[in-house]
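Chemist: I'd like to ask some things about the structure below.
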Amino acid sequence: MSRSVTPLGKAALHGSLLAGLFAAPQIALACPANLSASTYTTQASDNGLTCVYTADPMAVTVNGWLATGLVQITGNTTVNGVLTVTDTNGDNSRGILLSGAGNGAFLKDVTINKPSGANNAAGIEKAGSGVVTFQGNVTVSSNTGAPSARINTRDGVRNNAGTANYQKDLSITSQGGTRSGLYVGAGTVTVGGNLTLDFQSTYYAGYSYAPLWSQGGTTTVTGTTTVNTAAASGLTPGVVVTNSQVTLNGATSVTVAGTGAAAVDIRIGGVAGWPLAGNTITASGAAGIGLQLRSNGSFSAGSGLVVNAQGSSFNYLSASGSTSLDAVTATTAPVVWNADATSTATYTGNEGHYKGSSQLASGGQLTLNLNRAALWEATAASSFTVLNLQSDALLDASLLPSLAATGNLSNAGGIVSLARSDASPNNTLALAGTYTANGGSLVLNTVLNDGSTSVSDVLQVNATAAGGSPTLLSVLPDAASAPAFTTGKGILVVRVTGGAASSAASVFALPDGFLDAGGIRYELVRDADDGNWYLRSVAAAQLTVNKVVTGPAGAAPFAGEIPFTVSCTGPATSFSGSLVVAANQGSAAPITIQQGSACTVAEGALPTAPAGYRWAEPSYTQPAAIAAGANTATITNTLVSNATPTDAGTLKQVPTLGTWAVSALSLTMALLGLGRMRRRTT
């Protein structure tokens, strides 16, 4: 049976064939006919073969749906000359698409321009498993206006598979229609030169894209990295790293200007490393965030990172990792560290300068370790789980007259200062937590008057604990000080709100065990009743010279004075003066010296003895040092060998020649008389 086809049926069949023909992709069986042509107005494809474009320069212009300038499917493509691809008004188009397993080589500079048109695609897209190498500089730019939907956005460079080597500089700029600059979803991307991402566009608000957006694979930049976004970019961050690794080996500068934007956002599984010293992060918009860490994302940088932000320098969202940075400067944001209720984060700062507060939401944990002379100037009420001060790290708590903080403070060789920025003696650090001492110091300004008129900076804590050696109090006497004996409990310097039961002993001490000022000695005392610590004065010691001088029995009184020079040296003060004891009176008035002082007493010349008399030679003892708690120390007489026990400090008669003759005659006569008596008895 034969069948005929009506004209109408033929027309329908023809239409169907045409529709199928236009719907199916065109299959080319060779490289472009002219590989040496300098211009192409349709896409150039290797069609799975090995194609070498020899023109220098080479220009490709495309326009339309799915338009692509240069396509590599499965073959190998080499472009010898300078390449420029212009996408005049393409929709979902690409400048260069590398979608196969083959390799590509671009031997000179490459420029991709997208001046207008919708574009949910990329300037350069690497989608295949092969390797592409750009030996010259690569520049990608777009200016397609503000995106109104996701399909109106594009990526500058997109890498979803394989390896892309940019051996020199890679520069991606956008004036609009942008969702990301360098996007790495998978594979390996290396930039041997400098990476520049300059975005002045309005981003599509429905997606959290970024100029440098890595959510897979590995990205490494050898040269400098510069990322800029305009205020129009809103919340769009500058760098996002998720489930991937990004290493920026050169000097890195990331700047975002959008309100509330984070300059660097490290998310789950993200690892970012900036090993060179002197990198910069800037979030200049209102409430801008410098470095934001989420989940187990991690960030490391070389010494000297500068973080300039208007909201918070370091922001933690459900963060669980640890960050350690050296010599950071973070002084512009009102909040240095900010952690939410689901974070368990640790920040370690070695050296560096931080200014602002620390904020921790209820339920979260934030541990701050400051080491190696790191400085934190606390500017507002702060909260943290633990603040560890070590190796001369300094907490300046003097910028506010009353600074509140919630958390525990462990001082293990650090410094808590209530005097660094404000020398007035009325600053208070009120810590709702436990203070643990393991060395370190506490610096206070204090008016050293009597207890009723003295004022001092005060550290207030809930409780104290002794973790090792005590914290030493460095008391800076205020200019208004007029040292006097304290009254009551003394001058309050540490208040323990939990009472005596919460106040451990040996937590605080004075460097020498005491403080001497203006002739008054103060000791640091932990009061047994309230557990607070006070400066209390102690009684000064007295030195009395008790040199009794008398004449012989029956001798008339004589005039004269005996001078003594007293020189006393102590740990903090000294005394030097003279005492005079009147002859025949003795016992000079005492002088007041500091306890613990060692004194030397030198006797001056004695008055002239009356005719026929001489002074017996007395000696005396003296204390090596005045003992603490002693009231007096007395210089007393002792005897010398040529004095009898009854004539110490007295005048003795001097024998004359006549006296010696009479004595000798009397002795001779006595001996003769004794001889006669013996003869009579025999």
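The values are calculated or read from the model by the stated rules, or taken from the named source; none is laboratory data. This structure is a prediction, so every number in the text was calculated from the model and none was measured. All Cβ positions, glycine included, derive from the backbone under ideal geometry; neighbour counts span all protein chains shown.
Chemist: So SER452 ticks every box in (1) among the small types (Gly, Ala, Ser); (2) more than 23 Å from the chain's Cα centre (by Cα); (3) part of a strand (DSSP E or B) but one. Which box is left unticked?
Modeler: (3)
Chemist: Could you go through the range 451-465 and let me know if any residue there is modelled with pLDDT of 95 or more, buried (at least 20 other Cβ atoms within 10 Å of the Cβ), closer than 24 Å to GLY519 by Cβ and in contact with an Asp or Glu (Cβ under 7 Å, 6 or more places away or on another chain).
Modeler: no
Chemist: Hey, another quick one. Could you tell me which of the residues LEU510, LEU515, LEU535, LEU492 is surrounded by 18 or more Cβ atoms within 10 Å (Cβ to Cβ) and either more than 15 Å from VAL455 (Cα to Cα) or touching a helix residue (DSSP H, G or I) at 6+ places or on another chain (Cβ under 8 Å) (or both)?
Modeler: Details: LEU510 fails: surrounded by 18 or more Cβ atoms within 10 Å (Cβ to Cβ); LEU535 fails: either more than 15 Å from VAL455 (Cα to Cα) or touching a helix residue (DSSP H, G or I) at 6+ places or on another chain (Cβ under 8 Å) (or both); LEU492 fails: either more than 15 Å from VAL455 (Cα to Cα) or touching a helix residue (DSSP H, G or I) at 6+ places or on another chain (Cβ under 8 Å) (or both).
The match here is LEU515.
Chemist: Among the residues of the range 296-319, how many are among the hydroxyl-bearing types (Ser, Thr, Tyr) and part of a loop (DSSP other than H, G, I, E, B)?
Modeler: Of the residues in that region, 2 qualify.
Chemist: Which of the numbered conditions does SER402 fail, given that it passes all the others? Conditions: (1) buried (at least 21 other Cβ atoms within 10 Å of the Cβ); (2) over 20 Å from GLY490 (Cα atoms).
Modeler: Going through the list (1) buried (at least 21 other Cβ atoms within 10 Å of the Cβ); (2) over 20 Å from GLY490 (Cα atoms), SER402 breaks only (1).
Chemist: Say whether the condition of being in contact (Cβ under 8 Å) with a residue 60 or more places away in the chain and surrounded by 18 or more Cβ atoms within 10 Å (Cβ to Cβ) is met by at least one residue in the range 415-433.
Modeler: Quick first cut of the range 415-433, residues in contact (Cβ under 8 Å) with a residue 60 or more places away in the chain only: none.
Within the range 415-433, none of the residues are in contact (Cβ under 8 Å) with a residue 60 or more places away in the chain and surrounded by 18 or more Cβ atoms within 10 Å (Cβ to Cβ).
Chemist: For THR282, indicate whether it is over 19 Å from ALA374 (Cα atoms) and outside any loop (DSSP other than H, G, I, E, B).
Modeler: In short, yes.
Chemist: Identify, please: which residue in the range 368-395 is in a strand (DSSP E or B) and either of a type in the set (Lys, Arg) or more than 13 Å from the chain's Cα centre (by Cα) (or both) and is, among those, surrounded by the fewest Cβ atoms within 10 Å (Cβ to Cβ)? Write out each step before concluding.
Modeler: Restricting attention to the range 368-395, the residues satisfying the condition of being in a strand (DSSP E or B) are 368-371, 375-378, 382-390, 394-395.
Keeping just the survivors that are either of a type in the set (Lys, Arg) or more than 13 Å from the chain's Cα centre (by Cα) (or both) gives 382-386.
On the way: SER382: 25, SER383: 20, PHE384: 24, THR385: 19, VAL386: 17.
Applying the filter and picking the extreme gives VAL386.
Chemist: Do we have SER502 as in the same structural domain as ARG420 (by TED's automatic domain parsing), at negative phi, surrounded by fewer than 22 Cβ atoms within 10 Å (Cβ to Cβ) and within 28 Å of the chain's Cα centre (by Cα) here?
Modeler: no
Chemist: May I pose another question? Out of the strands (runs of 3 or more DSSP E) lying entirely within the range 1-105, which hold 2 or more residues that are at pLDDT below 85?
Modeler: Values: elements: 50-53, 58-62, 68-72, 76-79, 83-87, 94-98.
Counting at least 2 such residues, we get 68-72.
Chemist: Out of the range 467-477, which residues are farther than 16 Å from ASN388 by Cβ and either in a strand (DSSP E or B) or not assigned by TED's automatic domain parsing to the domain that holds TYR534 (or both)?
Modeler: LEU472, LEU473, SER474, VAL475, LEU476, PRO477 - these are the residues of the range 467-477 that are farther than 16 Å from ASN388 by Cβ and either in a strand (DSSP E or B) or not assigned by TED's automatic domain parsing to the domain that holds TYR534 (or both).
Chemist: Let me ask something else about it. Would you be able to say whether some residue in the range 436-448 is within 21 Å of LEU395 (Cα to Cα), crowded, with 22+ Cβ neighbours inside 10 Å and β-branched (Val, Ile, Thr)?
Modeler: yes
Chemist: Does LYS108 satisfy the condition of being of a type outside the set (A, V, I, L, M, F, W, C) and modelled with pLDDT of 90 or more?
Modeler: yes
Chemist: Can you say whether ASN445 is farther than 25 Å from ASP516 by Cα and assigned by TED's automatic domain parsing to the domain that holds ALA505, as far as the supplied structure shows?
Modeler: no
Chemist: Could I ask something else about it? Please find, among GLY451, GLY439, GLY414, the residue that is on the phi > 0 side of the Ramachandran plot and in contact with a strand residue (DSSP E or B) (Cβ under 8 Å, 6 or more places away or on another chain).
Modeler: GLY439 is the lone residue from the list that is on the phi > 0 side of the Ramachandran plot and in contact with a strand residue (DSSP E or B) (Cβ under 8 Å, 6 or more places away or on another chain).
Chemist: Looking only at the range 355-404, which residues are β-branched (Val, Ile, Thr) and closer than 14 Å to ALA432 by Cα?
Modeler: Of everything in the range 355-404, those that are β-branched (Val, Ile, Thr) and closer than 14 Å to ALA432 by Cα turn out to be THR385, VAL386.
Chemist: For GLY321, work out the one condition from (1) modelled with pLDDT of 95 or more; (2) surrounded by fewer than 24 Cβ atoms within 10 Å (Cβ to Cβ) it doesn't fulfil.
Modeler: Going through (1) modelled with pLDDT of 95 or more; (2) surrounded by fewer than 24 Cβ atoms within 10 Å (Cβ to Cβ) one by one, GLY321 breaks only (1).
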